[in-house]
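**Q** The structure that follows is given in the form of structure tokens.
The values are calculated or read from the model by the stated rules, or taken from the named source; none is laboratory data. Just so you know, these numbers come straight off a predicted model, no measurement behind them. Reconstructed Cβ throughout: ideal geometry from the backbone, glycine too, with neighbour counts over all protein chains shown. SASA here: full protein model, heavy atoms, side chains in, ligands and nucleic acids out. Shrake-Rupley method; radii C 1.70, N 1.55, O 1.52, S 1.80 Å.
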Amino acid sequence: MATVPRQHITHQKIAEHVQRLGELYPPIPLDSVDRTIKRPWLVARKFGHVIDYLARVELEVDRNVLELLVLLPEADETNKTFYADVWQPQEIQHGLILDRLQQDLGRTAADPHLDVSFGIKILGALAHLKPIQDIAKLMYFLTGASTERQAVIAYNKINRGMQRLGETAISETIITPIKQQEPGHFAFYQMSATAMIQDKVLKPWQLFLTRVMREKSYNLVGTNKMKQYKADMGGVMADLGLDNDLEGYAREVGRVENRLLWAHKHGMEFPPYILKALKESVELYRERLARGLTVAEEFG
Ligand SMILES: [Fe+2]
Ligand SMILES: [Fe+2]
């Protein structure tokens, strides 16, 4: 552990991976979904909140693309092909399919948050400077690896849950096809971040700054630095049973950056800021529960 893999990740390898993803996984058509739900009330009770959350986050892909254009003004062909031809077209379908599912369950449509934050705009302005561009790029890949890993784990859990409930149509025509596409996204970000470290693209001061910025800005998937979404994410973890072992979850989610950024901290299993973010989300969710408030009452 805590070492960079010996196998060298070349740009050619990453480009081939992107091409393969595009060929293997065309965006999932809305009409390929079987909308049969045996017990909508039960699915809504067990997974309604999780599906609401994921539908919103998947639909926010359009903001992620805007952020990326701000952050990486000089993205190369492989990166462009990935986000424009593979990632965005796949993710937006995930969002549309889950959004329709949540409405089939009698819940309100997703309300994605599509404004690019001020922090990103500032970093974007600075990213025109080459040394900052490289830091922004590594941050972007690390964020991608962490969020896609969270997606992989969530869809695996949901799929098992749907199978247990006997909701075969949801499992086979919604969650399984979506969950097949997430590991490829994760692999892209992991390979891209690893290549930057292997090729020593960043000087020690740039790596130092990246660590500081990760510590200051780390966010769980879809929380957008907002308290309401952090509490929602705590609810997602509780509904998926991930709150029982936060350290184990931090290890899963933080493996890539622990290996790439923190290898010098021997024996550290995950960056502490990841566990801190997980704890904060779960605590905010529990506080909300204790107050007995619904999201609408608290924020509406
Ligand atoms: Fe997705
Ligand atoms: Fe994804």
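**Q** At a probe radius of 1.4 Å, what is the per-residue accessible area of Phe141, in Å² to the nearest 10?
**A** Counting only protein heavy atoms, Phe141 exposes about 10 Å² to solvent.
**Q** Can I ask one more? How big is D, in µm² s⁻¹, for the chain by Stokes-Einstein at 37 °C and 0.692 mPa s if Rh is the Kirkwood radius over C-alpha pairs? Let's see the in-between values first.
**A** Working: Rh = 19.9 Å.
Value of D from the Cα-based Kirkwood radius: 165 µm²/s.
**Q** Might you tell me the accessible area per residue for the chain, computed with a 1.4 Å probe and given in Å²? List each step's numbers first, then the result.
**A** Numbers: 14390 Å² over 300 residues.
Ligands and nucleic acids excluded, the figure is 48 Å² per residue.
**Q** Which whole-number percent is the relative contact order of segment 160-300 (Cα, under 8 Å, 6+ apart)? Could you put the intermediate results ahead of the total?
**A** Details: 84 pairs, mean separation 34.9, N = 141.
The value is 25 percent.
**Q** So for the pair Arg291, Met268, with labels modelled 7 Å out along Cα→Cβ, what separation do we get in nm?
**A** According to this spin-label approximation, the distance is 3.4 nm.
**Q** If you don't mind, another one. Full-extension gain between Glu283 and Leu69, please, as 0.36 nm times their residue separation minus the C-alpha to C-alpha distance. Before the final figure, lay out the partial values.
**A** Values: separation 214, 0.36 × 214 = 77.04 nm, distance 3.41 nm.
Between Glu283 and Leu69, full extension yields an extra 73.6 nm.
**Q** Still on this structure, please answer the following. Expressed in nm², what is the orientationally averaged projection area of the convex hull enclosing the Cα positions of segment 63-115?
**A** Working: hull surface 15.5 nm².
Taking a quarter of the hull surface, the average projection is 3.9 nm².
**Q** With all protein chains present, how much of the accessible area of segment 153-300 (probe radius 1.4 Å) comes from carbon and sulfur, to the nearest whole percent? Provide the component values of the computation, followed by the final result.
**A** Details: 3640 of 6810 Å².
Using a 1.4 Å probe with all protein chains present, segment 153-300 comes out at 53 percent carbon and sulfur.
**Q** Which residues in segment 230-265 place their backbone N less than 16 Å from a point set 7 Å from the Cα of Arg164 along the Cα-to-Cβ direction?
**A** Taking a point 7 Å out along Cα→Cβ of Arg164, the residues of segment 230-265 whose backbone N falls under 16 Å are 236-245.
**Q** I want to make sure I understand the PRE zone here: with the label point 7 angstrom from the Cα of Gln7 toward its beta carbon, which residues in segment 241-279 have backbone N atoms less than 19 Å away?
**A** Within reach of a label on Gln7: 255-260.
**Q** Please give the FRET efficiency for Ser217 paired with Gln19, using the beta carbon to beta carbon distance and R0 = 35 Å, rounded to the nearest 0.05.
**A** 0.65
**Q** Provide the gained length on full extension for the span Asn244 to Ala187, in nm with one decimal, where the gain is 0.36 nm per separating residue minus the Cα-Cα distance. Mind showing how you got there, number by number?
**A** Working: separation 57, 0.36 × 57 = 20.52 nm, distance 2.68 nm.
Gain on extension, Asn244 to Ala187, equals 17.8 nm.
**Q** Now for a different question. Given labels modelled 7 Å from the Cα in the Cβ direction, how far is it in nm from Met226 to Lys38?
**A** Calculated label separation equals 3.6 nm.
**Q** Sticking with this structure for a sec: Sorting His113, His266, His8 by accessible area (1.4 Å probe), largest first, what list results?
**A** Working: His113 50, His266 160, His8 90 Å².
These residues rank, largest area first, as His266, His8, His113.
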